[in-house]
1. Within the stretch 148-181, restricting attention to residues that are assigned to a loop (DSSP other than H, G, I, E, B) and at negative phi, which residue is surrounded by the fewest Cβ atoms within 10 Å (Cβ to Cβ)?
2. Could you grab me the full set of residues in the stretch 100-153 that are touching a His at 6+ places or on another chain (Cβ under 8 Å) and of a type in the set (Ser, Thr, Tyr)?
3. Can you name every residue in the stretch 187-217 that is among the aliphatic types (A, V, I, L, M) and touching a residue at least 12 places away in the same chain (Cβ under 8 Å)?
4. Looking at the structure I just gave you, is Ser139 modelled with pLDDT of 95 or more, within 24 Å of Ala57 (Cα to Cα) and polar (S, T, N, Q)?
5. Return the residues of the stretch 144-177 that are under 19 Å from Lys77 (Cβ atoms) and of a type outside the set (Gly, Ala, Ser); say none if nothing qualifies.
6. Is one or more of the residues making up the stretch 19-35 at pLDDT 70 or above, basic (Lys, Arg) and over 30 Å from Val93 (Cβ atoms)?
7. Please state which of the following conditions Gln184 fails to meet, knowing it meets all the rest: (1) open to solvent by 20 Å² or more (accessible area, probe 1.4 Å); (2) touching a residue at least 24 places away in the same chain (Cβ under 8 Å); (3) of a type in the set (S, T, N, Q).
8. Here's a check for you: in the stretch 107-135, which residue that is aliphatic (A, V, I, L, M) and at pLDDT below 95 is nearest to the chain's Cα centre (by Cα)?
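The values are calculated or read from the model by the stated rules, or taken from the named source; none is laboratory data. All values derive from a computational prediction rather than experimental measurement. Don't worry about glycine lacking a Cβ; one is built from the backbone with ideal geometry, like all the others, and counts go over all protein chains shown. What goes into the accessible areas is simple: the full protein's heavy atoms, side chains included, and nothing from ligands, DNA or RNA. Shrake-Rupley method; radii C 1.70, N 1.55, O 1.52, S 1.80 Å.
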Amino acid sequence: GGYTMNKKLSSGVAVFLLVLTLLAGCSTASNKTDQDSTSQDKKDSTSVANKQDEKAAREKANKELISDITELAKQGKIINCEFPVRTTNFGDVENTWGKADQTSWVPAAKGTYSTYSKKNVAFGWNKGMAIFEVRSFDSRLKNITLADLKQNLGTPAYDTKADGQQIIGYTTGTDYKLLFVLAQTTDVNTNPALDHYSVFDPRGTVNSMADDPGREW
């Protein structure tokens, strides 16, 4: 009879130990799941924080760039170019930068345009070779959107759409104008990026000999 009792006891102990092991396993698994979810929450919050930091950094960089653009425009200049509109003769540019990569007469813009691809700059000049428009194609401009421009500069004084493009314009506190050219706003692309911009001197497009009042924008 003692043998049977011992056998029952040892079986009972074995079952008890098995139950303990299973419970411990569940507990460990449960803890691991809790740790995993906590770890994922940390990753998610870090990701959100990183995105917010990136957004803040982008907005700060764009604000500074737009500020540079507007301050230089008051002097008739664009970023990364020492030649202002009105007071520069295109011959001065050629003497310094050499011949342009491309030059063509643009009737609608009322002048000749010369592009320097490596400089990301184009000049519009009149018959007297006075520069009336300087355009910038700086790569950083692509980071600026329509919303950025309106947020920093307010409602544009000029806003038109043509040939798949949207052109908005601002006055600069002088009689120079700032023109920003973007892709046209659509239902899909509600906040287009900036393609290029220019500082424009309307006076340089006036041709009194031909009784032409020139461009306003």
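1. From the stretch 148-181, those assigned to a loop (DSSP other than H, G, I, E, B) are 154-157, 163-164, 172-176; that's our starting set.
Next, only the ones that are at negative phi stay: 155-157, 172, 174-176.
On the way: Thr155: 8, Pro156: 19, Ala157: 13, Thr172: 18, Thr174: 12, Asp175: 11, Tyr176: 22.
Selected residue: Thr155.
2. Ser136 - this is the single residue of the stretch 100-153 that is touching a His at 6+ places or on another chain (Cβ under 8 Å) and of a type in the set (Ser, Thr, Tyr).
3. Pass one, the stretch 187-217, residues among the aliphatic types (A, V, I, L, M): 188, 193-194, 199, 206, 209-210.
Listed by number, the residues that qualify are Ala193, Leu194, Val199.
4. The answer is yes for Ser139.
5. Applying the first criterion (under 19 Å from Lys77 (Cβ atoms)) to the stretch 144-177 yields 144, 149, 152-153, 169-177.
Correct list: Ile144, Leu149, Asn152, Leu153, Tyr170, Thr171, Thr172, Thr174, Asp175, Tyr176, Lys177.
6. Step one: filter the stretch 19-35 for residues at pLDDT 70 or above, giving none.
No, every residue in the stretch 19-35 fails to be at pLDDT 70 or above, basic (Lys, Arg) and over 30 Å from Val93 (Cβ atoms).
7. Against the list (1) open to solvent by 20 Å² or more (accessible area, probe 1.4 Å); (2) touching a residue at least 24 places away in the same chain (Cβ under 8 Å); (3) of a type in the set (S, T, N, Q), Gln184 comes up short only on (2).
8. Initial filter on the stretch 107-135 (aliphatic (A, V, I, L, M)): 108-109, 121-122, 129-131, 134.
Still in the list and also at pLDDT below 95: 108-109.
Details: Ala108: 28, Ala109: 27 Å.
Within the stretch 107-135, the match that is nearest to the chain's Cα centre (by Cα) is Ala109.
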